[in-house]
Amino acid sequence: MQSRRDLMIRTFVGQRLVRADGGHARHPVLLLLGPRGSGKTALAGHLENWGRRAPTAALDLAALDDGVHHPVDVLARIAFQLNARRRDFPPLALPSFAVLLMALSAEADPESRDAALGQMREALRAGRAEDHSLEVLRDLVTSVGVPVGLPGWSAAIVPLIQGWQRARVWWRLHRRLDRVPRGGSRVPSPADVLVELNQHFRHGTAAQRERAESVLLQAFLADLQGAYTKHGGDRVRTLRCLVLLDNADSELGDAFLQALVEARAAAPERPDPLVVVACARRTPEVLRQLELGPRPLGGYLSCWQPPEREDGPELFVPRVVTRPGGGARLEVAQLRPLDRAEVQEQAGPYVKRMPPAALAGLTHPVAWLGRTVHELTRGHPAATRAVLEALEDFAPEVPCGRRLRMVMAPEGPHSVADALLELLLRDVPQELSDALPRAAAAVTLGQAASAGDLWRQGDAPPRLLRRLAHDDQYAERIAFDGHQHSALPDVVRRLLLGRLSLAPAPPDGTSPWDAAHGILGAVAESGRLGAYHRLAGGDVQGAAAYLHDRFVAVCGGDGSAQAWCEELSWIQRAPRRWEAEAQGRSAGAEFQHRIARAPGPPDLVMVTRLLVAGWITTHPATDPYAALWSDPLGDPAAELYPKIVDALQTLSGRLSDETDHDVLWQRAAAYERKPW
């Protein structure tokens, strides 16, 4: 099932693919960035199947065979795919490109001009060029089409094929090469130019090879333009050529993308009909060279813009990145996670297949499952798919909430945790991978890197974490208290916290979970953050005491109920350690287990009940810290909402200020309805 996100991109590409009569606009390469599992390859597959009516080429640049070493090899495969026969679409004529490709492909003697010319004649006659099938190239050369001129010194090649009749192209080419004069101080002949290109490509310096590749690319683009402008092409070719490049950040993909962008920039007056969509996990070098200054984390997510009117659709507007002074340019977009509605759409078919016993007690199962899975994965496409698929591998009587707990557990026969972590952290250095569970105990990566006692002296993780904090593959921006912070993606942090829960205690008896939160709490910059880590470490009384003291201050006129509610919300977002014995408890049983040791005056008991209920349950979208981590599986059916409402209304009675009183009543009202 395609998401609305992917359909928007398809619509964007489709608008460029359809060509109005006489339209010759050139569109920049569209570069789509996204981490592992973000759906790049699936999107490329959808676009390939959808765009088959047009000339289409699709390549995975990280999975090409061993014979592909250079951008020329990539270009040859693109040309072959674009020229495949299609019903109701005339074949493309690429004569200049074909001859040049054969010239670069032939094995020619680098020491002797005469020998090189003889070898090239033999290669063109017998079809024995290295790496490429000249039988396919022969068909290209003999197809109809008059190429336009090539720029600069390479224009001498054009007379070899320009203006000849279709049936005689091949043999006249041989006779022309046979009549090439030897020696003399005269303008280089076409054959000499072909040999020079061959030598530069096969035996020249890196700069000479790039020059030869550039000539070939420009010939390819010129041939394409000619196919769309000559011999009725302007009338019959109503669709442009679609080129899909997956893994464009591979070494070969980056080199080809750079060569293509530069070749297009070298001929701005020649608009070619290519619509290129490239997908990359890392930032390709060609983009780094075009960017001015450091790029903010998630900067290209700005391509997803809110609708122009309240009931309108979301807008997809890629950012244009141009070299200063003009010339080379790209359009860049970052794939966003799936939103709640998109996850709900994907959850629908799974709900339909579930037995009634698994959905007992759920009045709106599709909305509930979509919302819960979105909370768990925050819309990460691969994680969403893995969780939904795993739900079907259970006995019919197992409730859906129980299934989700077992699927997201850090261990067990139904757990997807290890598989997902292996996917999401595949390229992380092992030293950092081993340290990330401790880093996940912190709210942000900056807090983790700054907590010196979390790491051994001279340890690399703090340095690696700071680098990770600026990497779109492994970090994201979250906003709170008016500032932007770099944090682990929610689904990654959730899985890492599960792994931290399982880490065995050392001989001193302090578990890594308690040790990490103890260290982070000791260096906390605020009382709120200290209470957060005390609660995460299981110190319910310590966290409740902090909140109670703050509440007493509000009652005395020192502070506001609004600020107190925000502190409460922040502290309730503390993670809970995964415990195998707790998986069978209901939300009510877990609540009683957590407050069993909560003595004190009535107000402190009420604050404790409010804190614990909110720590276990999921929260409405209006919660002031909805972007922070939460556990939707602690109370999947929102059983604890009445306890939260009762505690807030009871505490409101202790406040003398009318505004403060209303704040708690309004917050209680948010918990009177289910959050799905």
### Query
Taking interchain pairs and intrachain pairs at least six residues apart, which have beta carbon atoms under 7 angstrom, with the first residue in the stretch 455-471 and closer than 15 Å to Asp427 by Cα and the second hydroxyl-bearing (Ser, Thr, Tyr) and assigned to a loop (DSSP other than H, G, I, E, B)?
Leu468/Tyr474
### Verdict on Val373 being buried (at least 20 other Cβ atoms within 10 Å of the Cβ), within 18 Å of Arg576 (Cβ to Cβ) and without any contact (Cβ under 8 Å) to a residue 40 or more places away in the chain
no
### Flag for Ala536 being open to solvent by 10 Å² or more (accessible area, probe 1.4 Å), touching a helix residue (DSSP H, G or I) at 6+ places or on another chain (Cβ under 7 Å) and over 24 Å from Asp660 (Cβ atoms)
no
### Query
If you scan the stretch 627-676, which residues turn out to be in a loop (DSSP other than H, G, I, E, B) and either charged (D, E, K, R) or on the phi > 0 side of the Ramachandran plot (or both)?
Asp631, Asp635, Ala638, Glu639, Arg654, Asp657, Glu672, Arg673, Lys674
### All positions within the stretch 574-595 that are open to solvent by less than 50 Å² (accessible area, probe 1.4 Å) and in a helix (DSSP H, G or I)
Ala582, Ala587, Gly588, Ala589, Glu590, Phe591, Arg594, Ile595
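For the stretch 171-268, please list each of the helices (runs of 4 or more DSSP H) lying entirely inside it that holds at least 3 residues being open to solvent by less than 10 Å² (accessible area, probe 1.4 Å) and at pLDDT 85 or above.
Numbers: elements: 190-203, 206-229, 233-236, 251-266.
Correct list: 206-229, 251-266.
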### Message
Looking at the stretch 614-623, can you tell me whether even one residue there is closer than 30 Å to Leu495 by Cβ and in contact (Cβ under 8 Å) with a residue 60 or more places away in the chain?
### Response
yes
### Query
Quick one: is Trp564 in contact with a helix residue (DSSP H, G or I) (Cβ under 6 Å, 6 or more places away or on another chain), among the hydrophobic types (A, V, I, L, M, F, W, C) and surrounded by fewer than 17 Cβ atoms within 10 Å (Cβ to Cβ)?
no
### Task
Working carefully through the options Ala358, Ala333, Ala347, find the one that is open to solvent by less than 50 Å² (accessible area, probe 1.4 Å), among the aliphatic types (A, V, I, L, M) and farther than 21 Å from Gly370 by Cβ.
Ala333
### Task
Could you check how many residues of the stretch 383-425 are open to solvent by 50 Å² or more (accessible area, probe 1.4 Å) and in a loop (DSSP other than H, G, I, E, B)?
7
### Message
Among the residues that make up the stretch 25-40, is at least one of them at pLDDT 95 or above and assigned to a helix (DSSP H, G or I)?
### Response
yes
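Anything in the stretch 285-307 that is assigned to a loop (DSSP other than H, G, I, E, B) and in contact with a strand residue (DSSP E or B) (Cβ under 7 Å, 6 or more places away or on another chain)? List them, or say none.
Residues satisfying the conditions are Glu291, Leu297, Gly298, Pro307.
The values are calculated or read from the model by the stated rules, or taken from the named source; none is laboratory data. Not measured: the values here are computed from a predicted model. Heads up, the Cβs are rebuilt from the backbone with ideal geometry, glycines too, and the neighbour counts pull from every protein chain shown. Keep in mind that these areas ignore ligands, DNA and RNA; they rest on the heavy atoms of the full protein, side chains included. Shrake-Rupley method; radii C 1.70, N 1.55, O 1.52, S 1.80 Å.
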